[in-house]
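Worksheet: one structure, shown below.
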Amino acid sequence: MSEQNQEELIPEIKYARPKFWRRVFACLVDLLIFAVVAIFLFVGVRAIYMSTEGYQTKENRLTEMKLESSLYVEKEGQVVDIAGDISSSSDTTSNKMNRAKNAIEDFIEYAYTVEGATVGDEIQDAYDDYRLAASFLSQPYFIEKDGSIVMNPDCKASYTQYFDNVYKPFINEYCHGYLATRFKEYVDLTMYISRTLVFVEVPIAYCLAGIIVYYVPTWIFRRGRMTFGKAIYKISTVDSRLLNPTWQRSLARFLIFYFGILILSVFTFMVPAIISVTLMGFSKKKQGFADYLLDLQEVDTTNATVFYNLEEAVVSQVQNYKTPVKFESITRE
């Protein structure tokens, strides 16, 4: 082959930039897939962790304390709030009021038994003050008589109004608050379950979902390092040489995007995500933040191919090369 032909075969790689809306829709597809995968993984991780002996022991003890406190009842195999159960029951109005009254008194007695006089007196004083402060049409629901607090005989409120305006609110607003903050063992158990959810179950599901959705596909669609969303919209990634990125750079891109931009966005009112989308739409090379740091860019491969190396680009050009037709003059003899 002549030198002129060799020069003609030096690869000239050109791509079109994908339209902004296609890039946005590709990201939304990936985000939707991520959400579905993350939910399934979370359910699975939670089920596995909840089946461990240590978790079950603590959860069973928490359930025992709920029932012992008289603020919860067991109904059809479920532990439900006593106030909600009373509200939904078909009992008479007087029975509803008395059930709520007895639940509060039993809870105060439980506080004396478990946490001692300090906490018990605190809840009792709050209960007394709450009843004396409640009024119906300028008439107090309760009055103090002979050192005790009793229902005001002059109050025209019904049993339903006593339940709805005094007993039920005190259970929901005060008793549950005291149980969740002043009972040490209960606090420790709920904190353990909450920490397990926040620091174990959610992070594991999040990390696995990210790897499955945003990193594993870049090995499935190695040419162009595409995710599923990018593959649907024919959007590939190339490096500064307009060639396929190396796996190291692809991994770095995933780590910056997933653990940098996405996680920080959760705690910073989406600031990193907004910056990245802004760069993607208005920067010179239309690069997101991770691509800008790594000198990568996204290209439209609807009618093009991403090459692994220059040699592959040369081969492709040779295969597509057609010898120009030479028109020679024809002379008559």
Exercise. List the lysines whose alpha-carbon lies under 26 Å from that of Lys19, not counting same-chain residues fewer than 8 positions away?
Worked result: Lys230, Lys234, Lys284, Lys285, Lys286
Exercise. Once both axes come from the Cα atoms, what is the angle between helix 20-50 and the longest principal axis of the chain, in degrees from 0 to 90, rounded to 10?
Worked result: 50 degrees
Exercise. FRET efficiency for Lys101 and Phe199, Cβ-Cβ distance as r, R0 = 30 Å, nearest 0.05?
Worked result: 0.15
Seminar exercise, completed: So, for the Cα atoms of the range 185-244, Rg and Dmax in Å stand at 19.0, 62
Exercise. Using θ = phi - 60° and the Karplus curve 6.51 cos²θ - 1.76 cosθ + 1.60, what whole-Hz ³J(HN,Hα) does each residue of the range 294-303 get, with Gly and Pro shown as x?
Worked result: 9, 6, 10, 8, 9, 10, 8, 10, 4, 10
For this session: Would you please state the base-10 log of I(q)/I(0) at q = 0.13, 0.15 1/Å for the chain, with intensities from the Debye formula using one equal scatterer on every alpha carbon?
Result: -0.98, -1.15
Problem set entry | R0 of 22 Å, Cβ-Cβ distance Phe136-Tyr112: FRET efficiency to nearest 0.05 | 0.15
Seminar exercise, completed: Most exposed first, judged by fewest Cβ atoms within 10 angstrom, Leu41, Leu293, Leu189 run Leu293, Leu41, Leu189
For this session: Could you calculate the FRET efficiency of Ser283 with Trp21 from 1/(1 + (r/R0)^6), where r is the beta carbon distance between them and R0 is 22 Å, rounded to 0.05?
Result: 0.85
Problem set entry | Cross-link partners of Lys75 among aspartates and glutamates (Cα-Cα below 20 Å; sequence separation of 8 or more within a chain) | Glu59, Glu64, Asp85, Asp91, Asp106
Problem set entry | Cα→Cβ-extended label distance, 7 Å offset, between Thr246 and Glu64, nm | 5.9 nm
For this session: State to the nearest 20 debye the size of the charge dipole of the chain about its Cα centre, where the only charges are +1 on K and R beta carbons and -1 on D and E beta carbons.
Result: 2140 debye
For this session: Fewest Cβ neighbours within 10 Å first, please rank Trp247, Trp21 accordingly.
Result: Trp21, Trp247
Exercise. So which GluC sites (Glu not before Pro) in the range 23-94 pass both tests, a DSSP loop state and at most 12 other Cβ atoms within 10 Å of the Cβ?
Worked result: Glu76
For this session: Multiply the residue gap between Tyr174 and Ala47 by 0.36 nm, knock off their C-alpha separation, and tell me the result in nm, one decimal place.
Result: 42.5 nm
Problem set entry | Filtered trypsin sites (Lys or Arg not before Pro), the range 126-217: DSSP coil and at most 15 other beta carbons within 10 Å | Lys156
Exercise. Could you give P(r) for the range 58-191, binned at 10 Å from zero, as whole percent values over all Cα-Cα pairs?
Worked result: 12, 41, 33, 12, 2
Problem set entry | Label-point separation, Tyr192 to Glu76 (7 Å along Cα→Cβ), nm | 3.0 nm
Problem set entry | Straight-distance crosslink candidates among lysines, where the alpha carbon sits under 20 Å from Lys145 and sequence neighbours closer than 8 are dropped | Lys101, Lys156
Problem set entry | Dipole magnitude of the range 70-182, debye to nearest 20 (Cβ charges: Lys/Arg +1, Asp/Glu -1, about Cα centre) | 400 debye
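Throughout, read-outs are computed from the coordinates displayed, never taken from laboratory work. What you are looking at is a predicted structure, and each value in this text was computed from that prediction instead of being measured. Counting neighbours? That spans all protein chains shown, and the Cβs are built from the backbone with ideal geometry, glycine included.
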